[in-house]
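What follows is a single structure, and I will ask about it in a moment.
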Amino acid sequence: MSALRRKFGDDYQVVTTSSSGAGLQPQGPGPGPQQQLVPKKKRQRFVDKNGRCNVQHGNLGSETSRYLSDLFTTLVDLKWRWNLFIFILTYTVAWLFMASMWWVIAYTRGDLNKAHVGNYTPCVANVYNFPSAFLFFIETEATIGYGYRYITDKCPEGIILFLFQSILGSIVDAFLIGCMFIKMSQPKKRAETLMFSEHAVISMRDGKLTLMFRVGNLRNSHMVSAQIRCKLLKSRQTPEGEFLPLDQLELDVGFSTGADQLFLVSPLTICHVIDAKSPFYDLSQRSMQTEQFEIVVILEGIVETTGMTCQARTSYTEDEVLWGHRFFPVISLEEGFFKVDYSQFHATFEVPTPPYSVKEQEEMLLMSSPLIAPAITNSKERHNSVECLDGLDDITTKLPSKLQKITGREDFPKKLLRMSSTTSEKAYSLGDLPMKLQRISSVPGNSEEKLVSKTTKMLSDPMSQSVADLPPKLQKMAGGAARMEGNLPAKLRKMNSDRFT
C-alpha cells in the first residue's frame, strides 16, 4: 500500500471491486461507524454479464412454422443434447427403413424360402431374414461388404433401390455431419477467453469527464479486425406521450477517430467522453443513485485460427458504474517482454473527481467567466442603435416632401449609424482580446481605425457647409459663380430658381 501511495500520491485509495460488492449504495455523510451500506434491490437485466440476452419470444401462433423453413439453422441453434438425440434418431430410422425395403424385396420374390436352393439365383445372395437384410444394408452404406452378401444382376428392383439408398445416404450424411461440424466449430466458446471488467468507472481523463471500462484477451491468438460498440438501454417518454421501454442509444467510443478499432493484444481501456452529445450529459454522482439504465458492450472480431466471426457481450447497470474511480495498471516491463497481471484486471482505485455533471460544470464555468459583462454591454449597445434607427425612420417620414428632397438620400443617416454601431461592437470585441492582440490592432493605418475615423468625420461634419468655411479657392469659385448668375438675363435666372425650388 505504501509503495502504491508513493506511485500515485496520497489522494488515491485502492479499491478492489468484486461481484459481492455490486449493488451497494455509497456511504453518505454522517457519523460514520453507525451508518451501514444498504443493498439496493436487484433488478432484471436485459443482457447478463456472460452475454446471454434475457428475452423470451411468446405467443408466436402460426409463426412457429418459420423455424421449419430454416431447418438447418434451427438444428444448429438447438442445445447439444437435442442435437445428439436427432443425430442418433435420424440414422437409426434411416437404417431400419432401408433394411426393411431390402427385406420386402426378398420377401416378394420368395428369396426367403429359396435361399438354400442350389440352382436358384436370389436378388441378394445370403439374405434369408430381416437381420441378414439389415447387415447387407449396413455393409452397403459403409462400403465394407460384398464378400458374403452381394446383389445379383437378376434383380432390377434391387438395383433401383441400391441407387436410391446411395443418394439418400449421401444427403443424410451431408446434412447431419455438416450440422454437427458447424455446431462444434461455433466461436461461442472463443468468447469465454475475452474478458470484460466487472465494473465501469467514471473519472477525469485529459481534462474531460469520461466513462471507462476494460477489455482483455486471454489467448495468444489475436482477434482480427476487432471492433467494439456500446448501447445505452434506458426507458423514456417522448414529448408526444409515447413510452419507449428499453430505448437504445449509441455511445460513442471513438467511431469518428477510429478508436473503436482495437488491437487487442493486451488489456485496453475503452473510453466514452461525456460531452454535450453524450446521453450522460446530465448525469451526476447524485443523480446516478436514482437513474436506471444499462450499458451493453458488444465486442466483435474474426478468430485468427478459424476465420469465423466471434462476438462477446456484457452489460453494466447503474449499480456497476463507479463514480470517481480509475482502473489499476496491469502491464509491466520485464526483461525482453511485457507482462500482464490479470489479478489486477478488475481492481480500481479512487481518484479526485467532481461530483457534478458536465452540464452543471459548464453552467458554473459560464457564470464565473468575466466575459459575460462585455457581451451584455455589446447587446445593449446594439439594441440602442436599432432604436435610434427606428427613431430616425419616424422623423424622416414626418418631414415634408421638399425637406426630404433637400436632405438628399433618405438612408444616409441610417447607414452612418449602422457603421458607427459596427465600429463600437468591434471596439468592444478588441477589449475582450489579450493585450498583445490589442496592441497589434491599435497600429496606425489599421483598416478598423480608418473606418472609425471616416465614420466620425461623416457624423461630425454638417450636411451643408457655409461658403465662409470653404477654402479660399472654393470661396472665389463660389463668388464667381454668384457674379455670373447675377449677370444672367431675367428669364435664365427665373428658370434656375424654378429648377432648384
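The values are calculated or read from the model by the stated rules, or taken from the named source; none is laboratory data. Since the model is a prediction, treat every value here as computed from it, not as a measurement. Cβ atoms come from the backbone with ideal geometry, glycine included; neighbour counts cover every protein chain shown. When the accessible area is computed, the model is the full protein with side chains, heavy atoms only, and any ligands, DNA or RNA have been set aside. Shrake-Rupley method; radii C 1.70, N 1.55, O 1.52, S 1.80 Å.
How many of the residues making up segment 225-269 are surrounded by fewer than 15 Cβ atoms within 10 Å (Cβ to Cβ), over 22 Å from Met308 (Cα atoms) and among the hydroxyl-bearing types (Ser, Thr, Tyr)?
Going through segment 225-269 one residue at a time, the tally reaches 4.
Here is a further query. Could you list, in sequence order, the residues of segment 211-247 that are of a type outside the set (Gly, Ala, Ser), more than 23 Å from the chain's Cα centre (by Cα) and more than 22 Å from Ser278 (Cβ to Cβ)?
Correct list: Leu218, Arg219, Asn220, His222, Glu240, Glu242.
A follow-up question, please. Assigned by the TED database to the domain that holds Glu157 and either modelled with pLDDT of 90 or more or not in a helix (DSSP H, G or I) (or both): does that describe Thr108? Walk me through it before giving the result.
Values: assigned by the TED database to the domain that holds Glu157: yes; either modelled with pLDDT of 90 or more or not in a helix (DSSP H, G or I) (or both): no.
No; evaluated as a whole, the condition is false for this residue.
A further question follows. Within segment 272-283, is even one residue at pLDDT below 95 and farther than 24 Å from Glu318 by Cα?
no
Evaluate the following for Arg286: is it open to solvent by 70 Å² or more (accessible area, probe 1.4 Å), in contact (Cβ under 8 Å) with a residue 40 or more places away in the chain and in contact with a strand residue (DSSP E or B) (Cβ under 9 Å, 6 or more places away or on another chain)? Talk me through it step by step, then tell me what you get.
Values: open to solvent by 70 Å² or more (accessible area, probe 1.4 Å): yes; in contact (Cβ under 8 Å) with a residue 40 or more places away in the chain: yes; in contact with a strand residue (DSSP E or B) (Cβ under 9 Å, 6 or more places away or on another chain): no.
It is false that Arg286 is open to solvent by 70 Å² or more (accessible area, probe 1.4 Å), in contact (Cβ under 8 Å) with a residue 40 or more places away in the chain and in contact with a strand residue (DSSP E or B) (Cβ under 9 Å, 6 or more places away or on another chain).
Go through segment 111-134 and give me each residue that's part of a helix (DSSP H, G or I) and either free of Cβ contacts under 8 Å to residues at least 12 places away in the same chain or surrounded by 18 or more Cβ atoms within 10 Å (Cβ to Cβ) (or both). Quick ask: steps written out before the conclusion?
So the first thing to find is which residues in segment 111-134 are part of a helix (DSSP H, G or I), and the list is 130-134.
Answer for segment 111-134, where residues must be part of a helix (DSSP H, G or I) and either free of Cβ contacts under 8 Å to residues at least 12 places away in the same chain or surrounded by 18 or more Cβ atoms within 10 Å (Cβ to Cβ) (or both): Pro131, Ser132, Ala133, Phe134.
Sticking with this one: Quick one: how many residues across segment 72-89 are open to solvent by 50 Å² or more (accessible area, probe 1.4 Å) and polar (S, T, N, Q)?
The qualifying residues number 1.
Taking interchain pairs and intrachain pairs at least six residues apart, which have beta carbon atoms under 9 angstrom, with the first residue in segment 226-244 and modelled with pLDDT of 90 or more and of a type in the set (Ser, Thr, Tyr) and the second outside any strand (DSSP E or B) and open to solvent by less than 100 Å² (accessible area, probe 1.4 Å)?
Ser235/Phe293
Inside segment 164-189, can you point out the residues that are assigned to a helix (DSSP H, G or I) and either open to solvent by 100 Å² or more (accessible area, probe 1.4 Å) or touching a His at 6+ places or on another chain (Cβ under 8 Å) (or both)?
Step one: of segment 164-189, the residues assigned to a helix (DSSP H, G or I) are 164-184, 189.
If the condition is that a residue be assigned to a helix (DSSP H, G or I) and either open to solvent by 100 Å² or more (accessible area, probe 1.4 Å) or touching a His at 6+ places or on another chain (Cβ under 8 Å) (or both), then Phe164, Ile167, Ile171, Phe181, Met184, Lys189 are the ones that fit.
Given the conditions (1) touching a strand residue (DSSP E or B) at 6+ places or on another chain (Cβ under 6 Å); (2) among the aromatic types (Phe, Trp, Tyr); (3) surrounded by fewer than 19 Cβ atoms within 10 Å (Cβ to Cβ), report the number of the one that Tyr281 does not fulfil.
So the condition that Tyr281 fails would be (1).
Another question about this same structure. Tell me whether segment 349-364 contains one or more residues that are open to solvent by less than 80 Å² (accessible area, probe 1.4 Å), of a type in the set (Gly, Ala, Ser), under 24 Å from the mean Cα position of the chain (by Cα) and in the same structural domain as Leu209 (by the TED database). Show your work before the answer.
First, the residues of segment 349-364 that are open to solvent by less than 80 Å² (accessible area, probe 1.4 Å): 349-351, 353-355, 357-358, 360-361.
Okay, now just the ones that are also of a type in the set (Gly, Ala, Ser), so 357.
When the remaining residues are screened for being under 24 Å from the mean Cα position of the chain (by Cα), the result is 357.
Restricting the remaining residues to those that are in the same structural domain as Leu209 (by the TED database) gives 357.
Yes; the residues of segment 349-364 include at least one that is open to solvent by less than 80 Å² (accessible area, probe 1.4 Å), of a type in the set (Gly, Ala, Ser), under 24 Å from the mean Cα position of the chain (by Cα) and in the same structural domain as Leu209 (by the TED database).
Same structure, new question: Checking Arg326 against (1) outside any loop (DSSP other than H, G, I, E, B); (2) buried (at least 19 other Cβ atoms within 10 Å of the Cβ); (3) in contact with a Cys (Cβ under 8 Å, 6 or more places away or on another chain): exactly one of these is not met. Which one?
(3)
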